1. What residue, of 43, 38, 29, is among the acidic types (Asp, Glu) and closer than 24 Å to residue 115 by Cα?
2. With respect to the numbered conditions (1) more than 27 Å from residue 120 (Cα to Cα); (2) part of a loop (DSSP other than H, G, I, E, B); (3) polar (S, T, N, Q), which one is the sole condition not fulfilled by residue 228?
3. What's the total number of residues in the range 55-82 that are in contact with a Leu (Cβ under 7 Å, 6 or more places away or on another chain) and either crowded, with 21+ Cβ neighbours inside 10 Å or under 18 Å from residue 7 (Cα atoms) (or both)?
4. Answer with yes or no whether residue 124 is loosely packed, with under 14 Cβ neighbours inside 10 Å and at pLDDT 95 or above.
5. Name the one entry in 95, 90, 115 that is of a type in the set (Val, Ile, Thr), farther than 26 Å from residue 203 by Cβ and modelled with pLDDT of 95 or more.
6. If you check 85, 114, which single one turns out to be of a type in the set (A, V, I, L, M, F, W, C), surrounded by fewer than 18 Cβ atoms within 10 Å (Cβ to Cβ) and part of a helix (DSSP H, G or I)?
Amino acid sequence: MISIGMSTSCVYPLSTESAFRLARDAGFDGIEVMVTNDPVTQDAAALLYLSKTYGLPILSIHAPVLLLTQLVWGTNPVRKLERSAELAATLGASTVVVHPPFRWQAGYARRFEATIRELAGAHGVEFAVENMFPLTLGKVGVRAYSPSSDPVFIDCDAITLDFSHAALGGRDSLEFAMAMGDRLRHVHLTDGTVSMRDGQLLDEHLVPGRGTQPVAEVVRYLASTGWSGSLVAEVNTAGAGSEDGRLAMLRETREFAASQIAAGRRGRRSGVS
């Protein structure tokens with residue numbers, strides 16, 4: 001069964017409780033907690049209270065691996081992953097989303113593949129490595145991540161597909177999803193139009209269907225194969241102008257996912273994907 005969840009990052013800079021409330025009101029099945037400087041995102045007891053209060057299970061934890069969260073839980077990247085796994089296990093979340101290491105984290109990068117496999121086994125969770133993108137300085141490409149920005153080329157057991165990141169990298173997400181194969185276990189449901197090939201760096205995180213990525217085709221494809229991972233909305237609602245506007249964007253995202261899943265399942269029953 002496919003779960004349709006929502007990341008707490010969707011409502012930034014609103015509170016974590018606001019994320020749970022809006023996710024419930026928009027009809028999502030569960031929550032992905034982005035661990036940030038907000039103490040609530042790091043507190044298992046507080047998160048369990050919110051989960052119970054709003055009737056939403058916590059599906060996944062996004063480790064604090066963004067540049068803006070580099071100081072959360074200290075500066076040791078392995079310890080960050082360990083604490084993320086501990087939090088996920090305590091909350092009953094099956095997945096920890098993680099980015100590939102930055103190139104300047106040389107020691108961590110060398111051990112990254114072994115580390116996530118060891119921590120997954122120790123804590124009973126999946127570490128799903130998210131696709132990122134090369135950076136550009138003018139017309140020159142820069143490798144920002146190691147061993148790769150593309151998890152297809154990383155020795156990991158689970159992968160997260162992010163459509164906005166795929167757009168930035170100039171990738172076709174349907175081809176990307178097929179290349180990921182059985183390792184594709186988690187999806188950040190969003191969209192994008194901007195490619196760094198056009199000399200831009202803008203991680204848009206649009207409502208799915210508002211960009212140029214084949215989001216509908218990917219969701220239908222996954223549903224037609226009997227895929228059972230999580231689709232987690234990670235859309236930028238900051239420009240909505242009001243809480244009602246944010247809620248409308250989140251409902252649109254949830255309804256998009258549900259309709260494409262239903263279409264994919266119908267295709268599976270009829271033998272047409």
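The values are calculated or read from the model by the stated rules, or taken from the named source; none is laboratory data. Predicted model, so just to flag it, every value in this text is computed and none were measured. No Cβ is skipped: glycine too gets one built from the backbone with ideal geometry, and neighbour counts run over all protein chains shown.
1. 43
2. So residue 228 meets the others, but not (1).
3. The qualifying residues number 4.
4. yes
5. 90
6. After ruling out the rest, the residue left standing is 114.
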